[in-house]
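Bear in mind these aren't lab numbers, they're just calculated from the coordinates by the rules spelled out. In this text, all values refer to a predicted model and were calculated from it rather than measured experimentally. Neighbour counts are summed over all protein chains in view; Cβ atoms, including those assigned to glycine, are modelled from backbone coordinates with ideal geometry.
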Amino acid sequence: MAHFKDSKRTISKERQEFPIRVLHAYPRAYVGWGAHTMLGIEAKKLGMKHAMIVTTGLRGTGIIDEIRGILQYAGVTSDVYTNVTGNPKDHEVMEGYKSVMKSKSDGLISIGGGSTIDCCKGIRLVHSHEGKHIREFEGAFKAIMPNKIPHLSVNTTSGTGSEVSCFCIINHTDEKYKMAIFDPTCTPSMAVDDPLLHQTMPADLTAYTGMDALTHAVEAIASRLQVQAAYGPGLWAIGQIFQNLREASANRNNDRAMEQMVWAELAAGVSFNSAGLGIVHSMAHVLGGLYDSPHGLCNAIGLVDSCRHNLPGCPGRFKIMAEAAGLDVRGLSDYKAGEKFIDAVEELRNELGIYKNFKDLGMRREDLDLCARKALKDICTEGNPIDMGFEDMRRVFATCMEGHAPNNNRK
Ligand SMILES: [Fe+2]
């Protein structure tokens, strides 16, 4: 056995970069059909007497009215803050904070997808710091105060993972980019994932958010942080997404497919919560900030070309992703197996009818330099398995901008 002091003699590159990995906690969660009916009891257990519901409104679904009734039955009154939009904005967070103060709410309940959950996380941060502007929290570990009120996170989309993560992404509306806020205090007090609520998604949103979940799993496993405990849930999520996303998107009434997508998005969230993400998310954050583009769609477009760029950085991990996706890669080299996986991701995206490119989202050739510069600064770029320079980032952006014609996969 090597002597302890000898083990410190040779310092490898990996040990220098990330000598100690961190497993971040995720909250207690209710997952399953009808889980939302537990909200009244759980809100009460968390000490809520008057809750602020944070939401986009989820118009036409009846979800908000139903949950307010469930809360009322348990003796928890509520107000509703409905000014959240996709790619939640800094001013929406600050308005939400004022609403919480005005209504004297003693708890937050976010009901919606990633935008709603992130806006609510922002409101809670600002509330804990007596109204300090949300922009002050950009980056990692900027919170200095503990949370003052609980956050019950009710997810309605099979993609975000935000209901179990400590990431909070908010649009800086003056500078037009999405700030990444990373802090354990952003983790919700409790999460609820009820497939009944997820079934209210339209087909395109199901496809986009499902590809977001796939991106979370792929980027977490490929991440240079190499948090190996995150590989299990990530790989399992990849398998479930390949088996169920097509059906869930085509038919939200397929209970089995919807439930598996709920589990997959949650597992992918658990995976990236500790392992981090990569350049697909960096690019999506840039596009969300500049053009207000839907997050899941950005990732669906960016995933394939980013993976092709990153494959040489971790071919072995791409091979295990290929196996998790159910592909026969016996006898193939790691690199060839990785190529097969990326082709399968492209095929899945095409079968979901996603043929858009970054140009369709508003990006123009003259924006390339700006987009590349902004993406390089995004915190997710640090997790990418390959070092990214300006020209690398510009090249990946350019490829995603020109995009893909139907049936152009490389088979
Ligand atoms: Fe995402």
Inset, instruction - Enter the Cα centre distance for the pair the range 54-118 and the range 208-244, rounded to the nearest angstrom. - result: 29 Å
Legend entry - the range 203-402: Lys pairs at Cα distance under 29 angstrom, eight or more positions apart or on different chains: 10
Legend entry - Global form of the range 160-311, assessed from the alpha-carbon gyration tensor, a/c cut-off 1.5: rounded
Legend entry - Potential extension, ALA74-ARG395 segment - 0.36 nm per residue separation minus Cα distance: 110.1 nm
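Between ASP360 and THR61, what FRET efficiency follows from the Cβ-Cβ distance if R0 is 25 Å, with the result rounded to 0.05? Write down the numbers at each step before the final one.
On the way: r = 28 Å, r/R0 = 1.10.
The value I calculate is 0.35.
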Inset, instruction - Ratio to report: Rg/Rh of the range 28-198, with Cα atoms as the point set and Rh obtained by the Kirkwood method; give two decimals. - result: 0.93
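Take the Cβ-Cβ distance between SER103 and ASP204 as r, set R0 to 25 Å, and report the resulting FRET efficiency rounded to the nearest 0.05.
Details: r = 35 Å, r/R0 = 1.38.
Calculated value: 0.15.
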Inset, instruction - Kindly identify the range 203-402 as rounded, prolate or oblate by the Cα gyration tensor criterion: order the square roots of the eigenvalues as a ≥ b ≥ c, call it rounded if a/c is under 1.5, otherwise compare a/b with b/c, prolate if a/b is larger, else oblate. - result: oblate
Inset, instruction - Working from the alpha-carbon coordinates of the chain, get Rg over Rh, Rh being the Kirkwood radius. - result: 0.97
Inset, instruction - Give the angle, between 0 and 90 degrees and rounded to the nearest 10, that separates the Cα long axis of helix 203-222 from the longest principal axis of the Cα atoms of the chain. - result: 60 degrees
Inset, instruction - May I ask you to list the aspartates and glutamates whose Cα is less than 20 Å away from that of LYS49, ignoring any residue fewer than eight positions away on the same chain? - result: ASP65, GLU66, ASP79, ASP106
Inset, instruction - Working from Cα positions, state the angle (0 to 90°, nearest 10) between the long axis of helix 315-324 and the longest principal axis of the chain. - result: 60 degrees
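Given only helices, namely DSSP H runs of n ≥ 4 each adding -39500 (n - 2.57), what is the per-residue ellipticity at 222 nm of the chain, to the nearest 500 deg cm²/dmol? Before the final figure, lay out the partial values.
On the way: 15 runs with 197 residues, N = 411.
Calculated at 222 nm, the ellipticity per residue is -15000 deg cm²/dmol.
Based on DSSP loop calls and a cut-off of at most 13 other Cβ atoms within 10 Å, the longest stretch of the chain free of exposed GluC sites (Glu not before Pro) is what? Provide the component values of the computation, followed by the final result.
Values: sites that count: GLU130, GLU175.
Here the longest run is 176-411.
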Legend entry - Inter-site label distance for THR173 and VAL31 at 7 Å from Cα along Cβ, in nm: 3.6 nm
Legend entry - Cα-projected label distance for LYS336 with ILE41, points at 7 Å along beta-carbon direction, nm: 5.6 nm
Inset, instruction - Relative to the longest principal axis of the C-alpha atoms of the chain, give the angle of the C-alpha long axis of helix 279-291, reported between 0 and 90° and rounded to the nearest 10°. - result: 50 degrees
Legend entry - Histogram of C-alpha separations across the range 299-401, 5 Å bin width, %: 2, 12, 20, 21, 18, 16, 7, 3, 1
Legend entry - Scattering profile of the range 143-187 at q = 0.21, 0.22, 0.24 Å⁻¹ [log10 I(q)/I(0), Debye over alpha-carbon scatterers]: -0.86, -0.91, -0.99
